[in-house]
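Right, one structure below, let's go through it.
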Amino acid sequence: MALVMNGGTSYINEIKRLKEEKNAIILAHYYQTGDIQDIADNVGDSLALAQKAASNDADIILFAGVKFMAETAKILSPEKKVLLPDMAAGCSLSDSCNPADFEKFIKDNPGRTVITYVNTSAEVKALSDIICTSSNAVKIIESLPEGEKIIFAPDRNLGNYIINQTGRDMLVWNGTCHVHEEFSLEAIIKLKKQYPDAKTIVHPECELPVRMVADFIGSTSALLSFIKKDNGEIYIVATEPGIIHQMVKARPEKKYIPVPPRDSTCACSECNFMKLITVKKIYECLLNEKPEIILDKNIIERARKPIVRMLEISEKAGL
Ligand code: 13P
Ligand code: SF4
């Protein structure tokens, strides 16, 4: 049932009206709740949403996602108003890489190309040579000459996964995502016994033992493409369960089982930051045109270069 405001109008109808009136678009990440994904103009992974943020005719971009995603949109479209319905929607992975510490790490390890995952603050991006997402990380590393020495930050699991795939010389920052490092290997093994035909699909931010039992490893969009094409019927899904909304929409006849976290007092593996965004907050944000992402001009200029390099390499790679 649609959420109803005083007077009987639904938030969803009002959001539609405000979007038109203000020439606004809503970009939503796959980890948002299903109701938000369904009202968005574009739903996607970090790369697809950055690509959309870089090229659209809207005056306002409302980001239904977390702060680093909205900041990336602002950096790519500084002339637009970029709104984030709740400024507390951060990211534990981004928080694990403080700009001052990262700057020192780069200085202490000179002569390395700095590749930074998009899950970072604008300040950290400004210290980087190229940004990547989980969709294009391997392709971006492979686009560099063999033998080039690399610093990769901040996700140690994605970094180790890339080393495994490419064999490159990479110094990896010791950061993690609190959702992806918490998946229970024990629960996956139990589920595999219970559903022997199930395929285990895993995001590369997961720890090595979880990646080792995977049938397929990929970004959120890669996991979605996999279940669309694959001939399996049951999937054990080790990433934030918001993606299952799109999986059910794409292949409703299949079964998707979210992996629970190690902490048995908490039954689900939702990203508490992503889930701070609600339909009501989106409505209020569009109405009041705040909270708005404001970034220093100098940071925008410096952070833009490595993001644009990412978009150029991705385009060449057909991503
Ligand atoms: P994707 O690049 O797969 O969208 O991942 C974003 C993210 O936050 C993973 O935790
Ligand atoms: Fe950050 Fe992890 Fe949430 Fe993704 S799932 S936004 S990496 S805390």
remark   = In the chain the DSSP beta bridges are antiparallel at a rate, in percent to nearest 5, of 10
task = Mind grabbing the base-10 log of I(q)/I(0) for the range 1-128 at q = 0.17, 0.18 Å⁻¹? Debye formula, identical points on the C-alpha positions, no solvent, two decimal places.
result = -0.90, -0.98
request  = Kindly give Rg over Rh for the chain, based on alpha-carbon atoms, with the Kirkwood expression for the hydrodynamic radius.
outcome  = 0.97
request  = For Lys255, go through the lysines and keep the ones whose alpha-carbon is under 21 Å away, minus same-chain ones fewer than eight residues off.
outcome  = Lys190, Lys192, Lys193, Lys199, Lys228, Lys229
request  = Report, by chain and number, residues whose modeled amide H sits under 5 Å from the one on Tyr117, excluding near sequence neighbours (fewer than 5 apart, same chain).
outcome  = Cys132, Ala153, Asp155
key: Helix-only mean residue ellipticity at 222 nm for the chain, each DSSP H run of n ≥ 4 adding -39500 (n - 2.57), per residue, nearest 500   = -12000 deg cm²/dmol
message = Largest first, please: the extent of the C-alpha atoms of the range 214-308 along each principal axis, to the nearest Å.
response = 49, 33, 29
ask   = What residues have an amide H closer than 5 Å to that of Val172, excluding those fewer than 5 places away on the same chain, when H is modeled at 1.01 Å from N in the peptide plane?
value = Phe152
query = For Glu233 and Cys268, what does the FRET efficiency come to when R0 = 25 Å and r is the distance between their Cβ atoms, rounded to the nearest 0.05?
reply = 0.65
ask   = Do any GluC sites (Glu not before Pro) in the range 173-216 lie in a DSSP loop with no more than 15 other beta carbon atoms within 10 Å, and if so, which?
value = none
task = Give me D for the range 1-66 in µm² s⁻¹, whole number, from Stokes-Einstein with Rh from the Kirkwood sum over alpha-carbon pairs, 10 °C and 1.306 mPa s.
result = 127
message = Ignoring solvent entirely, what values of log10 I(q)/I(0) come out of the Debye formula for the range 131-210 at 0.15, 0.23 Å⁻¹ when each Cα is a single scatterer?
response = -0.59, -1.04
query = When the C-alpha atoms of the range 213-256 are aligned to their principal axes, what extent does each axis show, in angstrom, from largest down?
reply = 24, 21, 15
Gain on full stretching of the segment that runs from Lys290 to Glu142 - 0.36 nm per residue minus C-alpha separation = 49.3 nm
query = Rg and Dmax of the range 190-240 over Cα atoms: what are they, in angstrom?
reply = 10.3, 27
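Read the figures in this text as sums done on the coordinates, not as results from a lab. Not measured: the values here are computed from a predicted model. We place every Cβ from the backbone using ideal geometry, glycine too, and count neighbours over all the protein chains shown.
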